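In what follows, a structure is listed as structure tokens, so that the remarks can point back to it.
The values are calculated or read from the model by the stated rules, or taken from the named source; none is laboratory data. What you see is a predicted model; the values in this text were computed from it and never measured. Cβ sites come from the backbone with ideal geometry, for glycine too, and all protein chains shown count toward neighbours. For the accessible areas, the whole protein counts, side chains as well, though only heavy atoms, and no ligand, DNA or RNA atoms are used. Shrake-Rupley method; radii C 1.70, N 1.55, O 1.52, S 1.80 Å.
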Amino acid sequence: MHSKVITTIVLSVVLIVLTSAHSFAVDTEGGLHFDVHDGWEQTELGKKEKDLIFHGESKSLGLELGVFTHRTIQTNLENNWIDLSEAELEAKAEDVINSQKENGDIIVNDYSILNTDQMRFIVFNGIVKNKESKEKNFIQYLTIVNGESLHFSFYSDTPLTKEQLAASEAIVHSARVDALTEKKIDNALIIKLAGLALVLILMIASVIWHVRHYRKKTMKKGDFR
């Protein structure tokens, strides 16, 4: 994934006042499942915000969680990070570290790599400012699975403790999909789609030109009369 795409995903954090609900294990329509343990309360935010499939808090842990998914042509091209080497993932992480200086609302302090049975995550940690410029500490687990970016973002008012980190990692380790797909969009299909889009644009431009030309011609005839 290009560094700008990864950076956009990393910067897409949401920090909003929470509304409590009951806690439960999460099963999404896209076939993603993960376990939210006792003490976590889901909010209504995940039902309202685009790309946010779960939002909740654990008062006992002092943690807030947002689970995001997003699909682009680039994520479809990469499909799954499980096949990438650690060196390839580190290169992607370094791109984010180098480019995050352009944004003053987030500071990435460090990163690591986390492997689960189905997925490989880049793990970022740092500080983010919300709309009121209040700072929150975060740890974010980012991957691409089945052509879609997936990241678990945990937030805390104070630097994350060992207990918080262990609880965060346990949730990420529980994440699984029904099946890993090997199918992905290839470059040839992208070229075809781009070609079709260009043809459509040209057709629309042609229609607009003819309409304008007809109007001008009609107006001239009207003036002559």
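Some points to look at:
- Residue in the range 156-173 that is assigned to a helix (DSSP H, G or I), charged (D, E, K, R) and crowded, with 17+ Cβ neighbours inside 10 Å present: yes
- Restricting the range 174-188 to residues that are surrounded by 13 or more Cβ atoms within 10 Å (Cβ to Cβ) and not hydroxyl-bearing (Ser, Thr, Tyr), the residue that is modelled with the lowest pLDDT: 185
- Any pair with Cβ under 7 angstrom, 6 or more apart, that starts in the range 117-146 at a residue that is farther than 23 Å from residue 95 by Cα and ends at one that is surrounded by fewer than 18 Cβ atoms within 10 Å (Cβ to Cβ) and among the charged types (D, E, K, R): 118/176; 130/136; 135/129
- You will find that of 72, 143, the residue that is touching a Leu at 6+ places or on another chain (Cβ under 9 Å), within 22 Å of residue 32 (Cα to Cα) and among the polar types (S, T, N, Q) is 143 and no other.
- For beta carbons closer than 9 Å, sequence separation of 6+ or different chains, a first residue in the range 87-100 that is more than 15 Å from residue 144 (Cβ to Cβ) and a second that is part of a helix (DSSP H, G or I), the qualifying pairs are 94/3; 98/3; 99/3; 99/4; 99/6; 99/7; 100/7; 100/10.
- In the range 28-44, the residues that are crowded, with 18+ Cβ neighbours inside 10 Å and free of Cβ contacts under 8 Å to residues at least 60 places away in the same chain: 40, 42, 43
- When each of 135, 148 is tested for being within 24 Å of residue 74 (Cα to Cα), at pLDDT below 95 and touching a strand residue (DSSP E or B) at 6+ places or on another chain (Cβ under 9 Å), the lone residue that passes is 148.
- Restricting attention to the range 72-111 and to residues that are in contact with a Gly (Cβ under 6 Å, 6 or more places away or on another chain) and open to solvent by 40 Å² or more (accessible area, probe 1.4 Å), the residue that is farthest from residue 171 (Cα to Cα) turns out to be 107.
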